[in-house]
Amino acid sequence: MNREGERGQTLPLWTLSIAATLTLLFFMTNYTNTVRWQIRAQNAADSAAAAGISTDANMYNEKTTLQFAAAVEETRMRYLLQSMVNVVNDPSHCGSSSACDADYVRLLAAYNAAQAKYTQIVASMTAAQTYAGGGLVNGADKAVALASTSCAVFDCAFTYTTKINGASESVDVIACKKIPLLSPTLLGKATGATFTAIGHSLAVLSPISETFVPGNVNPSTGVAYQPDESPAGVGVPTEYGVSFKNLSVNMTWYVAGSVRPAAAVAGYGCS
């Protein structure tokens, strides 16, 4: 057998294998680049839409916070009123007439302070109602516009098209950019050919409800969120105190939620 004649017979096979591997690597690189940009576009659209809806979510949460504060102050005033009634109707708990007078003065001062705070809270709630009454009135469009200028927070590589719907309280954002192909001639495309990376997101106000008892113990600190109070001082009867253990407040918080958007229609910008 002539081994000299067998030399080089595997060279074509190796050549074809290398060519196939390089071709596969090229297409995988293009595919990976396409997927990477599509993910980036979707993340950009999600971030911009969430920023738009968050302006109103923040105002709704501010209103919820004020409602909680009002409930706390109202409970405090109820207890203080009852404490003053207890001092008047059952002075034997005070120990002496002068002690009752002192307790009453302290309770009255605490009540006046609570009433002043409650009045301030109600005024703030009235002012907040203008901005938390629905319709996305807190500059959602301005928040989304930051996506094109605040490059440290958002992805400025894309062109953003926004639709604000006050009736349904939704923010619809399309992020789009034309990306150059890698070696377009190898794909049979003209020089400078691009593909379109597009992300589409629809953000809405998503409510989260909870029932909160201020008198419960905070597991992180071991202390009640809203501890019991003794406005009349130490060593006075419990009938003169304020407790939040029986107060239960139903609260609703709002976050940016995402829903499936409708198909994108023509007319959106793309850089």
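No value in this document is a laboratory result; all are computed from the given coordinates. Fair warning: this is a prediction, and the values are worked out from it, not measured in the lab. Neighbour counts run over all protein chains shown; Cβ positions are idealised from the backbone, glycine included.
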Taking 0.36 nm per residue of separation between SER271 and TYR31 and subtracting their Cα-Cα distance, the length gained on full extension comes to 84.3 nm
Per-bin percent of Cα-Cα distances, the chain [10 Å]: 6, 18, 17, 14, 12, 10, 8, 6, 4, 2, 1, 1, 0
Sequence-distant aspartates and glutamates (8 or more away, or on other chains) whose Cα lies within less than 16 Å of LYS245: GLU73, GLU74, ASP228, GLU229
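Per residue and in cubic angstrom, what volume does the convex hull of the Cα atoms of the range 187-243 have? Don't skip to the end; give the middle numbers.
Numbers: hull volume 13.3 nm³, N = 57.
Output value, Cα hull per residue: 234 Å³.
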Report the relative contact order of the range 11-259, percent, no decimals, based on alpha-carbon pairs under 8 angstrom and at least 6 residues apart. 27
Considering only ALA175, ALA190, THR65, whose Cα is most displaced toward the positive end of the charge dipole of the chain, charges sitting on Cβ of Lys, Arg (+1) and Asp, Glu (-1)? ALA190
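With N denoting the number of residues in the range 134-237, provide Rg(C-alpha) divided by 2.2 N^0.38 Å, to two decimal places. It would help to have the intermediate numbers written out before the result.
Details: Rg = 26.3 Å, N = 104, 2.2 N^0.38 = 12.8 Å.
It is 2.05.
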Kirkwood hydrodynamic radius over Cα pairs of the range 23-136, then Stokes diffusion coefficient at 20 °C and 1.002 mPa s, in µm²/s: 111
Backbone HN-Hα couplings from phi across the range 30-41 [Karplus 6.51/-1.76/1.60, Hz, Gly and Pro as x]: 4, 5, 4, 5, 5, 5, 4, 6, 5, 5, 4, 5
Acute angle (nearest 10 degrees) that the helix 97-129 long axis makes with the longest principal axis of the chain, alpha-carbon atoms: 30
Given just the C-alpha atoms of the range 97-185, how large is their convex hull per residue in cubic angstrom? 163
